[in-house]
1. What are the pairs with Cβ atoms under 7 angstrom where one residue, in segment 166-179, is farther than 16 Å from SER135 by Cβ and the other, located anywhere, is in a strand (DSSP E or B) and modelled with pLDDT under 80? Sequence gap at least six, or different chains.
2. Could you figure out which of (1) touching a residue at least 40 places away in the same chain (Cβ under 8 Å); (2) over 18 Å from ASP69 (Cβ atoms); (3) outside any strand (DSSP E or B) isn't true of THR156?
3. Identify, by number, the condition in (1) part of a strand (DSSP E or B); (2) out of contact with any helix residue (DSSP H, G or I) (no Cβ under 9 Å at 6 or more places or on another chain); (3) surrounded by 15 or more Cβ atoms within 10 Å (Cβ to Cβ); (4) not charged (D, E, K, R) that ALA70 doesn't meet.
4. Yes or no: ASP97 in contact with an Asp or Glu (Cβ under 9 Å, 6 or more places away or on another chain) and exposed (fewer than 14 other Cβ atoms within 10 Å of the Cβ)?
5. Any residue at all in segment 143-151 that is more than 24 Å from ALA102 (Cα to Cα), assigned to a loop (DSSP other than H, G, I, E, B) and free of Cβ contacts under 8 Å to residues at least 40 places away in the same chain?
Amino acid sequence: MKRGIIHLFHKNQRGVTLIELVIAIGITGSIMAGVSNGIFQLITINGDSNAHMTAVKQVENALHWIGRDAQMAQIVDTTTDPDPDVDSFPLTLSWTDWDNIANVVEYEIEEGNLIRRHTEGVDITESTVSRLIESDVNSTNCTWDSDARKLTLQITATVPWSGQEASETRIAEISPRPAI
């Protein structure tokens, strides 16, 4: 009896033709290509977005710290080297607290890092407030307009990613407090 059942399976079973096999492989290949392309685009777009957001955050950090100190400043000093028409870093801001403690903050770009050196009385602190900052004066610069009492900053951060770069540039105008 078992032999009869096995014999019936083989007798009524038809094989897969070569055309059906080629069509199945083609459909599977098309689906896999679409899925792979979607995953690749998702990774690429996500990486580009992360790199750009990193650049944005670095520029925002730089503007936050410089803006904070510039609003306190009574004296703003920019350096006009190498181009006399464009002021560049270092930027020195100074003020006297209400308790007569002198403060001097100097911002300088060293190897893409925006360094903040703060001297408060006799205490000196140094910190990196932003990274990946362009040091070229055409990309990152500051200009002091003594007549309008406005400090204009242009800050550019560039983040390398996967053979490309994500860049962000922001321009801000800051008015320091009036001199005492």
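The values are calculated or read from the model by the stated rules, or taken from the named source; none is laboratory data. Values in this document were obtained by computation on a predicted structure and should not be read as measured data. Here the Cβ positions follow ideal geometry from the backbone for every residue, glycine too, while neighbour counts run over all protein chains shown.
1. PRO176/VAL76
2. Tallying (1) touching a residue at least 40 places away in the same chain (Cβ under 8 Å); (2) over 18 Å from ASP69 (Cβ atoms); (3) outside any strand (DSSP E or B), THR156 fails exactly one: (3).
3. Among (1) part of a strand (DSSP E or B); (2) out of contact with any helix residue (DSSP H, G or I) (no Cβ under 9 Å at 6 or more places or on another chain); (3) surrounded by 15 or more Cβ atoms within 10 Å (Cβ to Cβ); (4) not charged (D, E, K, R), ALA70 violates only (1).
4. Working: in contact with an Asp or Glu (Cβ under 9 Å, 6 or more places away or on another chain): yes; exposed (fewer than 14 other Cβ atoms within 10 Å of the Cβ): yes.
Taking the combined requirement at face value, the residue satisfies it.
5. Of all residues in segment 143-151, those more than 24 Å from ALA102 (Cα to Cα) come to 147-148.
In the following step, the residues that additionally are assigned to a loop (DSSP other than H, G, I, E, B) were identified as 147-148.
So of that shortlist, the ones also free of Cβ contacts under 8 Å to residues at least 40 places away in the same chain come out as 147-148.
Looking for residues that are more than 24 Å from ALA102 (Cα to Cα), assigned to a loop (DSSP other than H, G, I, E, B) and free of Cβ contacts under 8 Å to residues at least 40 places away in the same chain, one finds at least one in segment 143-151, hence yes.
Residues checked against (1) out of contact with any helix residue (DSSP H, G or I) (no Cβ under 6 Å at 6 or more places or on another chain); (2) over 23 Å from GLU165 (Cβ atoms); (3) surrounded by 15 or more Cβ atoms within 10 Å (Cβ to Cβ):
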position	(1), (2), (3)
VAL105	no, yes, yes
HIS118	yes, yes, yes
ASP123	yes, yes, no
GLU126	yes, yes, no
VAL129	no, no, yes
SER135	yes, no, yes
ASN138	yes, no, no
TRP144	yes, yes, yes
